[in-house]
Structures are given as C-alpha cells and as structure tokens.
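To keep things clear, I will list the structure first and then write my remarks on it.
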Amino acid sequence: MNFRKLAYLLLREAGIGVALVLLIVIFMLVAPNFASPINLMNICTQISINTVIAVGMTFVILLGGIDLSVGSVLALCTIVAGLTLTNESLSPGLAFFLAVVVSLAVGALCGLFNGFVCERWKIHSFVVTLGMLNIARGAALQISDSRTLFGFPEVFTDLGAQNVFGLPVIFIMALTLVILGTIVLNRSVFGRMIYAIGNNEEAVRLSGHRTILYKIAAFVICGGCVGVAGIMYMLRLSMASPILGVGFELNAIAAVVIGGTSMMGGKGSLVGTFLGACIIGVLNNGLLLLGMGDFARQIVTGLIIVAAVIIDTYRNRLLTKIQVSE
C-alpha cells in the first residue's frame, strides 16, 4: 500500500474514530466519574435514540436531501403508540405488538409523504420536511389533546429496563440497525443506487433507472427509523408526549455530518454516523459533568457542526486530489 492510498483511507474512515478516542481520553482526565461504569451505561442509553434517527437521516443525506421533520414525527409516533398501549380493551401483549406496528407505520407514512411531495412536484426536501415538521407536531397535539401519556403495560416498561450482554436493550437495538443499514448500503443493489444517485442522479436516470422510487424509499426508511426511535423513547422513559423531539433533527444531522457524510450526497457511511452520534453523546455527557448548562452545550454543539462542515469541505478536496493524482 503506497502513501497516497494510506492517506486516502485515513481521511475517509479513521479520522472520526481518532477524534472520538481523543475526546474520551480528555474527559477521562478532566471530568470526575466520566469513566465510571454507570456513566458509560448512561452514555450508551443517551446516544441510542439519536443513532437510530441518524441512521435514517444518512439515507436521505446520501441523496443530497435533508429531513427536518424527524423530531415532530417522533412525537406523533409516540402519541399514536402511547394511545394504543393505554387502550384498556386490548391485552398487554397485543397492545405492545400493535404499538410497535402503528409507530413504524406512522413514521413510514410521514416519510412516504415527504418523499412523494418532493419528487412529484420537484420541491426541495428542506421546504417539504419543514412543512411536515408543523403538520406532525400539530397532529400530535391534536390527537393527544396536549396531554402526556403514562401508564403503559408492565410487559412494555419491563423490557425497557432490561440489559442484553450487559448493555441497555435500546443500545442493542441501535447497534442492530446500524449493522443492518450498513449491509443494505454496502451489499445491496439498493445501497449502491443510493450512492450513485447522490453522486450523479442524471447519469443514473439516463442509464434507465427510476431514481424517483429510490429517493422516495430513502425517505420511507428515514420515517421508519423514526418510528423505531419512538418505541425506544417510550421504552426508556415510559411516557409519550406531543412536545418531545424538539431539536432532535439538529442532533441527527450533526451526527451524520460529523460522521463524514457529505451534505452534497454520494459520500458517507453508517459507521461514521454511529461514531458521530457517539461524539455528540460523549461531548454532551462530558460537558454536563463539568457543570456546563444546556444553553452552553447547544452553542458548543452548533460550533462543532459548523467545524465539521468546514473540515468535510477540505477533506473532500484532499480526497479528490489524492484520487486524481493516482
């Protein structure tokens, strides 16, 4: 392996992992109790929901799009699932099963609406998903009468408190989705088409493929992931609220961008997205242990997003130079 090829691989994959390790080492040195087993388990739990939403967001951003509605759709999914779980006419097991189904269905339908409107009328996803942000939030408030839902069946709440191989069950769910998504993107025709459309949609269209279907499918996957995140949220906190999810879209986009996925589409990976979510989780947890407030942590997160975009721009230029010179 020559120097240029080694530099290409390091720029493409290893940089985000090195950044995460450095961040962990710094907080281990300066933040009390950061490396305690309880705190590490807390970090795993805290990053799980953002990781799952970011997995779906990665599919959309790889196409050069964006989904600003994920936070509001998450609230709508939890309200619909919460109403199902608290329906006394259903047995606990059946209510659990139906809650999962309706949460996934609501998320996927919102994604289908976003993708269809974007492609049918050629409207940028920024505008369409901004509209869905308000539609889903309003629907969640209307359906729930602005109430927070509690009192889920024990079979549901007990599962949320379980550990698998010593890790929180929702963290295992997040890892599973990352692995499945990685297989889809790297080992399937659908995944290769996502990358190809993100790189040059016109070339893919002229080769005879219906790019519209792939782009709509990416939004449906994003919505489905939000539906899964909704169930995970209720497993974690045993509640559903129409006002939750505010700012979740920012965290998901941050995880994707920090993980190295290009906002222009065509470049990125779910491994990078997972590492990006880990960086945000470690950063929030470490700053909280150091006594930094919510507002200050939001400022830091925003600055990191801007820095990640700048670094991504320079990284792409370096990768292009390395590829051209080979």
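The values are calculated or read from the model by the stated rules, or taken from the named source; none is laboratory data. Keep in mind that what you see is a predicted model, and the values were worked out from it rather than measured. Positions of Cβ are generated from backbone atoms using ideal geometry, with glycine treated the same way; all protein chains shown enter the neighbour counts. Side chains included, ligands, DNA and RNA excluded: accessible areas come from the protein's heavy atoms. Shrake-Rupley method; radii C 1.70, N 1.55, O 1.52, S 1.80 Å.
Only Cα pairs under 8 Å and 6+ residues apart enter the sum, and on that basis the relative contact order of the chain stands at 34 percent.
Considering every Cα-Cα pair within the range 56-106, what fraction, in whole percent, is farther apart than 13 Å? Present the calculation step by step, with values, prior to reporting the outcome.
Numbers: 777 of 1275 pairs.
Summing the P(r) of the range 56-106 above 13 Å gives 61 percent of all pairs.
Per-residue 3J(HN,Hα) values for the range 249-254, derived from phi via the Karplus relation 6.51 cos²θ - 1.76 cosθ + 1.60 with θ = phi - 60°, read 5, 5, 5, 5, 4, 4 Hz in sequence order (x marks Gly and Pro). Give me, ordered by chain and number, the residues 5 or more places off G64 or on other chains with an amide H under 5 Å from its own placed amide H. Here the answer is G265, G266, since their amide H atoms fall under 5 Å of that of G64. Across the options I279, G291, L244, the greatest Cα extent toward the positive end of the charge dipole of the chain (unit charges at beta carbon of Lys, Arg, Asp, Glu) belongs to I279. The chymotrypsin sites (Phe, Trp or Tyr not before Pro) of the range 37-99 include none that DSSP puts in a loop with a beta carbon having at most 13 other beta carbons within 10 Å. Work from the charge dipole of the chain (Cβ charges, +1 for Lys and Arg, -1 for Asp and Glu, about the Cα centre) and give the residue of V309, I179, V127 farthest towards its positive end. Most positive-ward Cα: V309.
Distance in nm between label sites at I135 and R120, each 7 Å beyond Cα in the beta-carbon direction? Distance between the two pseudo-spin positions: 0.9 nm. Computed 3J(HN,Hα) for the range 183-193, one whole-Hz value per residue from the Karplus formula 6.51 cos²θ - 1.76 cosθ + 1.60 where θ = phi - 60°, is 4, 4, 5, 9, 10, 10, 4, 4, x, 5, 5, glycine and proline marked x. In terms of overall dimensions, the range 59-191 has a Cα radius of gyration and Dmax of 17.1, 49 angstrom. Placing one equal scatterer on every Cα of the range 165-286 and applying the Debye formula, the log10 ratio I(q)/I(0) at q = 0.10 Å⁻¹ is -0.37. Within the range 240-320, the proportion of Cα pairs with more than 20 Å between them is 37 percent. Within the set (1) 89, 56, 32; (2) 62, 56, 35; (3) 67, 55, 35, the number that Cα extents along the principal axes in Å takes when calculated for this structure is listed as (3). Working ranking of peptides 140-151, 250-261 by packing, defined as the average number of other Cβ atoms within 10 Å per residue, highest first, is 250-261, 140-151. Per-residue 3J(HN,Hα) values for the range 26-38, derived from phi via the Karplus relation 6.51 cos²θ - 1.76 cosθ + 1.60 with θ = phi - 60°, read 4, 5, 5, 7, 10, 9, x, 6, 4, 8, 5, x, 5 Hz in sequence order (x marks Gly and Pro).
Surface composition of the chain: carbon and sulfur make up 69 percent of the accessible area, probe 1.4 Å. Summing Cβ point charges (Lys, Arg +1; Asp, Glu -1) relative to the Cα centre of the chain gives a dipole of roughly 1000 debye. What's the local net charge at F116, with K and R +1, D and E -1, over the other residues with C-beta under 13 Å away? Value of the local net charge: +2. Peptides 117-123, 273-279 ranked from most to least packed, by the mean per-residue count of other Cβ atoms within 10 Å: 273-279, 117-123.
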